[in-house]
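*Asks:* The structure that follows is given in the form of structure tokens.
The values are calculated or read from the model by the stated rules, or taken from the named source; none is laboratory data. Predicted model, so just to flag it, every value in this text is computed and none were measured. FYI the Cβ positions are ideal-geometry reconstructions off the backbone, even for glycines, and counts take in every protein chain you see. Ligands, DNA and RNA are stripped out before the accessible areas are found, and what is left, the full protein with its side chains, is counted by its heavy atoms. Shrake-Rupley method; radii C 1.70, N 1.55, O 1.52, S 1.80 Å.
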Amino acid sequence: MEYLLNHHKGLKLIKIPEKANVTVLQPEAMPVRETLSDMMDLALQNARFIAQLRKKNPSSIAIVIPDETQPVPIALLLPKIIQRLFHALPRLEPLGVTIILGNGLQPTPNPEMIEMILSLNMVRSCNVVTHAARYARMKDFGITQRGTPVRINAAFGEADFKMVIGLIEPHQYFGFTGGSKEAVIGCGSADSIRHNHRLIQEDPTHRWHLGGHPMREDLDEAGRMIGIDFAINVVLNTDKQVVRILAGEPDVVLQQGAETCAAVHGLELGKKFDIILASCAGYPKDISAYQAQKSFGLVSHAVKEGGKILLLVAFRKGFSEEVYFDYVCPLAEPEAVMNDFNNFGYTMGARKADLFGGMRVTYKAIDFDDLDSGIMRNCHLRAADPSTIMEEWVDDFKGTPEVAVIPHAATTYFLNSDDQ
């Protein structure tokens, strides 16, 4: 049996021995029924965007956009939004509009993305800022009830009218992305982001709804403290096409978008599997170990105790977070990562290493990548041809293994998993 799965910006053919009983787990593709322009017009009209702008009559507007790991069609959406800004506010100066690339603790956006933003006709005369969580000038908005300092890039925090553009998709600890996340995390200070993410230790369960997530509730509270005026969020289908655009107050947009997202990406899980072959769905979800862990987290709910996971990852940006690599390599085995994490204290990279370690211990997970095999061994990961791995696993299995192929591991989640 042969399966073509997304790998970076292309496809990879993987063979599974005939001995296996294979099930493909993927939601039905939701069709696109309207043009992007029509969806945008309807969303902004329903949210009374022009009326809100004119009522507030701002002299400065800040718009946060996501980094390259979120496949939002910024090149199509942003010029339309800028055009409406100047139409609604004829006296607004181009330099009164600031576009912020909200990349949180991730490395600086690649030159191609920055060039894409700067080359857009309606954007050229606006300010473009790349957020740096550790170095940017911040504005302080206080502390949330859970103790998170709300410190946001001053270019956003000081604007008269604050907007976010983002993507709503399943997330292993937020339930869903979207809403205020692009500002609070994308433009937050390093200590703000880390304190929010540290809340996973309060409740490490996975729930595919919005209520009951300490991290999500803390994030939304921070967004209200900042005073985000307007959110524009998109929901994509499995082909990365926009199926819905939502606009308005961030919390309302998030709630409505999560319902659509559940219909697009949620899947009933009838049984668990011995072996899983999964793709992150290609670029940009497979560019680093940091991003790939999210896919690992989602598919891990479909594997039996002691089962195996093979995840296709391009790793074109390596481990992304330097702490991950520096933290993992000195430790001899995944168990050591898990044992050491509690003593090490929370950092983003160390947390990702702990999550990878936990899945390897419990599920014997192995993933394929384009990095040097020696580097991967140092990080307790195995690099090998995926067809070879599948042949090895299936042949070694006593009896007929139940194998699941998950083509869109970065967004497919299981509604009735007993891990929720």
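*Asks:* Tell me which residues, restricted to the stretch 160-171, are within 11 Å of Val64 (Cβ to Cβ) and open to solvent by 10 Å² or more (accessible area, probe 1.4 Å).
*Replies:* First, the residues of the stretch 160-171 that are within 11 Å of Val64 (Cβ to Cβ): 162-166.
Correct list: Lys162 only.
Condition check ((1) at pLDDT 95 or above; (2) touching a Gly at 6+ places or on another chain (Cβ under 8 Å); (3) hydroxyl-bearing (Ser, Thr, Tyr); (4) within 23 Å of Leu53 (Cα to Cα)) across all residues:
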| position | (1), (2), (3), (4) |
| --- | --- |
| Leu92 | no, no, no, yes |
| Asn110 | no, no, no, no |
| Leu118 | no, no, no, no |
| Val128 | no, no, no, yes |
| His131 | no, yes, no, no |
| Gly142 | yes, no, no, no |
| Arg151 | yes, yes, no, no |
| Ala154 | yes, no, no, yes |
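*Asks:* Also, I was wondering about something else. Among residues belonging to the stretch 172-197 that are part of a helix (DSSP H, G or I) and among the small types (Gly, Ala, Ser), point out the one that is surrounded by the fewest Cβ atoms within 10 Å (Cβ to Cβ). Give the derivation first.
*Replies:* Taking the stretch 172-197 as the starting set, the residues that turn out to be part of a helix (DSSP H, G or I) are 181-184, 190-197.
From what's left, among the small types (Gly, Ala, Ser): 183, 190, 192.
On the way: Ala183: 30, Ala190: 18, Ser192: 26.
Within the stretch 172-197, the match that is surrounded by the fewest Cβ atoms within 10 Å (Cβ to Cβ) is Ala190.
*Asks:* Does the stretch 72-83 contain any residue that is surrounded by 19 or more Cβ atoms within 10 Å (Cβ to Cβ) and in contact with a Pro (Cβ under 7 Å, 6 or more places away or on another chain)? Write out each step before concluding.
*Replies:* Start the filter on the stretch 72-83 by keeping residues that are surrounded by 19 or more Cβ atoms within 10 Å (Cβ to Cβ), which leaves 72, 74, 77-78, 81-82.
Now drop any that are not in contact with a Pro (Cβ under 7 Å, 6 or more places away or on another chain), which leaves 72.
Scanning the stretch 72-83 turns up at least one residue that is surrounded by 19 or more Cβ atoms within 10 Å (Cβ to Cβ) and in contact with a Pro (Cβ under 7 Å, 6 or more places away or on another chain).
*Asks:* Could you check Ile193 against (1) at pLDDT 95 or above; (2) more than 16 Å from Val253 (Cβ to Cβ); (3) touching a Leu at 6+ places or on another chain (Cβ under 8 Å) and say which number it fails?
*Replies:* (1)
*Asks:* Go through (1) modelled with pLDDT under 95; (2) open to solvent by less than 10 Å² (accessible area, probe 1.4 Å); (3) within 27 Å of Ala302 (Cβ to Cβ); (4) hydrophobic (A, V, I, L, M, F, W, C) for Val234 and report which single condition fails.
*Replies:* Failing condition for Val234: (1).
*Asks:* So for the stretch 259-281 (the condition being outside any helix (DSSP H, G or I), open to solvent by 10 Å² or more (accessible area, probe 1.4 Å), within 12 Å of Val313 (Cβ to Cβ) and in contact (Cβ under 8 Å) with a residue 24 or more places away in the chain), does at least one residue qualify?
*Replies:* The initial filter retains those residues of the stretch 259-281 that are outside any helix (DSSP H, G or I), namely 266-281.
Now restrict to residues that are open to solvent by 10 Å² or more (accessible area, probe 1.4 Å): 266-272, 274, 281.
With within 12 Å of Val313 (Cβ to Cβ) added as a condition, the list becomes 281.
Narrowing further to those that are in contact (Cβ under 8 Å) with a residue 24 or more places away in the chain: 281.
There is at least one residue in the stretch 259-281 that is outside any helix (DSSP H, G or I), open to solvent by 10 Å² or more (accessible area, probe 1.4 Å), within 12 Å of Val313 (Cβ to Cβ) and in contact (Cβ under 8 Å) with a residue 24 or more places away in the chain.
*Asks:* For the stretch 210-231, which residues satisfy the criterion of being open to solvent by less than 10 Å² (accessible area, probe 1.4 Å) and in contact (Cβ under 8 Å) with a residue 60 or more places away in the chain? Reasoning before the result, please.
*Replies:* Taking the stretch 210-231 first, the residues open to solvent by less than 10 Å² (accessible area, probe 1.4 Å) are 213, 215-216, 218-219, 222-223, 226, 230-231.
Asp218, Ala222, Ile226, Phe230, Ala231, listed by residue number.
*Asks:* Determine whether the stretch 390-404 contains at least one residue that is modelled with pLDDT of 90 or more and touching a Pro at 6+ places or on another chain (Cβ under 6 Å).
*Replies:* There is at least one residue in the stretch 390-404 that is modelled with pLDDT of 90 or more and touching a Pro at 6+ places or on another chain (Cβ under 6 Å).
*Asks:* From the residues in the stretch 60-75 that are of a type outside the set (D, E, K, R) and within 13 Å of the chain's Cα centre (by Cα), which one is nearest to Asp286 (Cα to Cα)? Full working, then the answer.
*Replies:* Residues of the stretch 60-75 that are of a type outside the set (D, E, K, R), as a first pass: 60-66, 69-75.
With within 13 Å of the chain's Cα centre (by Cα) added as a condition, the list becomes 66, 69-72.
Details: Pro66: 17, Thr69: 9, Gln70: 11, Pro71: 12, Val72: 16 Å.
Going through the qualifying residues, I end up with Thr69.
*Asks:* Further question on the same structure: Could you please let me know if Leu11 is closer than 25 Å to Thr411 by Cβ, open to solvent by 20 Å² or more (accessible area, probe 1.4 Å) and either under 28 Å from the mean Cα position of the chain (by Cα) or modelled with pLDDT under 95 (or both)?
*Replies:* Details: closer than 25 Å to Thr411 by Cβ: yes; open to solvent by 20 Å² or more (accessible area, probe 1.4 Å): yes; either under 28 Å from the mean Cα position of the chain (by Cα) or modelled with pLDDT under 95 (or both): yes.
Here the answer is yes, as Leu11 does meet what is asked.
*Asks:* Still on this structure, please answer the following. Considering only residues of the stretch 237-252 that are assigned to a helix (DSSP H, G or I) and out of contact with any Ser or Thr (no Cβ under 6 Å at 6 or more places or on another chain), which is most open to solvent (accessible area, probe 1.4 Å)?
*Replies:* First, pick out the residues of the stretch 237-252 that are assigned to a helix (DSSP H, G or I): 250-252.
Filter again for out of contact with any Ser or Thr (no Cβ under 6 Å at 6 or more places or on another chain), leaving 251-252.
On the way: Asp251: 45, Val252: 75 Å².
Among them, the one singled out is Val252.
*Asks:* Still on this model: Of all residues in the stretch 219-242, which are more than 18 Å from the chain's Cα centre (by Cα) and farther than 12 Å from Ala183 by Cβ?
*Replies:* Glu221
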